[in-house]
1. Which residues, taken from segment 372-407, are farther than 20 Å from Val248 by Cβ and in contact with a helix residue (DSSP H, G or I) (Cβ under 8 Å, 6 or more places away or on another chain)?
2. Could you check how many residues of segment 76-131 are assigned to a strand (DSSP E or B) and either touching a Lys or Arg at 6+ places or on another chain (Cβ under 6 Å) or under 22 Å from Pro151 (Cα atoms) (or both)?
3. Please count how many residues of segment 425-451 are touching a Gly at 6+ places or on another chain (Cβ under 7 Å), in a helix (DSSP H, G or I) and not polar (S, T, N, Q).
4. For Lys168, state whether it is crowded, with 17+ Cβ neighbours inside 10 Å and at positive phi.
5. I need every pair where a residue in segment 289-312 that is outside any helix (DSSP H, G or I) has its Cβ under 6 Å from the Cβ of a residue that is aromatic (Phe, Trp, Tyr) and at pLDDT 80 or above, sequence separation at least 6 or different chains.
6. Report, by residue number, each residue of segment 83-102 that is surrounded by 20 or more Cβ atoms within 10 Å (Cβ to Cβ) and more than 28 Å from Glu161 (Cα to Cα).
7. Could you please find all residues in segment 141-154 being within 18 Å of Met188 (Cβ to Cβ) and either outside the structural domain of His165 (by TED's automatic domain parsing) or not in a helix (DSSP H, G or I) (or both)?
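The values are calculated or read from the model by the stated rules, or taken from the named source; none is laboratory data. Just so it is clear, the model here is predicted, and its values are computed rather than measured. Reconstructed Cβ throughout: ideal geometry from the backbone, glycine too, with neighbour counts over all protein chains shown.
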Amino acid sequence: MPGPQVTSRRDFLTQAAATAAGASLLGTGLLGTSAGRILAADNSKRPRVAVLINTFYYSSHAHVILENFLVPYLFNGQVVQPQMDVVSFYVDQIHPNDMARDVAKQFNIPIHATIAEALCTGGDKLTADAVLLIGEHGTYPTNAKGQVEYPRKQFFDQTVEVFKHSGKVAPIFCDKHLSYRWDWAKEMVDTSRAMKIPLMAGSSVPLAERRPPLELPAACKISEAVSIHGGGLEGYDFHALEVLESMVEARQGGEAGGRDVQFLEGEPLWKAAEAGVWSSELAAAAMAAEVGPDHELTKLIQSRGKSTTAEKTPIHAIVVHYRDGLRGVAMKVGNNGIRWNFACQLAGEQQPRATSFYVGPWQNRNLFRALSHAIQTFFREHKSPYPVERTLLTSGILDAAMDSRLAGKQIETPQLDIAYAPQDFRAMREMGATWKIITDAIPAPKGIEAVGIN
């Protein structure tokens, strides 16, 4: 977790205001006021983006997303100009190594004291054409279920109040899961539908390059699928669930929703494997896509978690039974924060299909190039490149998994009766050309600057 706050909000905003003295022109645009109207997409006007941030420091989500909004970036080996303007910041917490003030000064972006002011660029009606909600990182409570209580829902609610007051709406992107609470996540989606607010959310990982390349056949029959990560509880479990869902949602019949969820660790995890609750062979195939056949999970499987390897290899699993009979598993194996693997068993095939999601150089930082590209496409077109129902479902599965962990039993999930048709999002995925330009030999920049662009 980040260290304690060391700067008062008053001092922070006083300093930030001084850096934004030349930004007064940002709030002068006049927009339509018809009730419930989406801000019109105008190809002659660069969309104005208001950014709502938990906290902003080196390698935080605010940093690695915003760098692709503020300078040209590479996507699939091509230089992309953002073609939109970040016009305001709201920063909820001031990190000891805060970057917000320096970035605000560098790019002439005012920092506002409230979400409403950021959305209205200091006025009293909505002037932003899009809202970028980066509700990740910061010092927030962790509840009994192991969930960090990030204020994404609170940010969303305050944004909706501005929309209601202004009589118009704008697209919202919510970074990662919608909320740590299922009822709040559902309410966010329901509100967006009722008010016709374009809403997009989710993980960066499904957009990463797949090594080896893997495209599942359209409308294929999948009997079981597993996704593996090497990060922390809940926060990285979400990414693994998004990887899982992004792959299996295109199965025959589309997404059907979840019937029940179970969190497993320790001895119950291995007893469940012996009972056929999850397939250790399929999990091993997912690991092999990353590191080959000789990996830590193989040793754990052979000893059923009783070898010395088990002491060095933290492992847990979230088992999801879907309503159409599919079994999905999201696992943590080890402590490799850039581990993102997938395998599935297709009906009628002997061998599983497997891949590893490659993040590029600089740990997970470059994952956000493709995500930022997808968000910008969404802001321009007012249509998410993949259904928000995907993230609604993964948010609900994750919350149920944390309930299961606390209760020590399988949880029935009637609330996850979420069926949806997938969308082809290949145009938003990094296919690998960027990593021929940005290589491990190039040092990661400490601030925000274009990299690999002549």
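1. Result: Ser372, His373, Ile375, Gln376, Thr377.
2. Adding up the residues that qualify gives 12.
3. 3
4. Against the criterion (crowded, with 17+ Cβ neighbours inside 10 Å and at positive phi), Lys168 does not qualify.
5. Taking only residues 6 or more apart or on different chains, the pairs are Arg304/Trp270; Gly305/Trp270.
6. Once the filter is applied, which keeps residues that are surrounded by 20 or more Cβ atoms within 10 Å (Cβ to Cβ) and more than 28 Å from Glu161 (Cα to Cα), segment 83-102 yields Asp98, Met99.
7. Gln147, Val148, Glu149, Tyr150, Pro151
Rundown of residues vs (1) touching a Lys or Arg at 6+ places or on another chain (Cβ under 6 Å); (2) free of Cβ contacts under 8 Å to residues at least 60 places away in the same chain, yes/no style:
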residue: Leu392; (1), (2): no, no
residue: Ser395; (1), (2): no, no
residue: Leu398; (1), (2): no, no
residue: Leu406; (1), (2): yes, no
residue: Pro414; (1), (2): no, yes
residue: Asp417; (1), (2): no, no
residue: Tyr420; (1), (2): no, no
residue: Ala427; (1), (2): no, yes
residue: Gly432; (1), (2): no, no
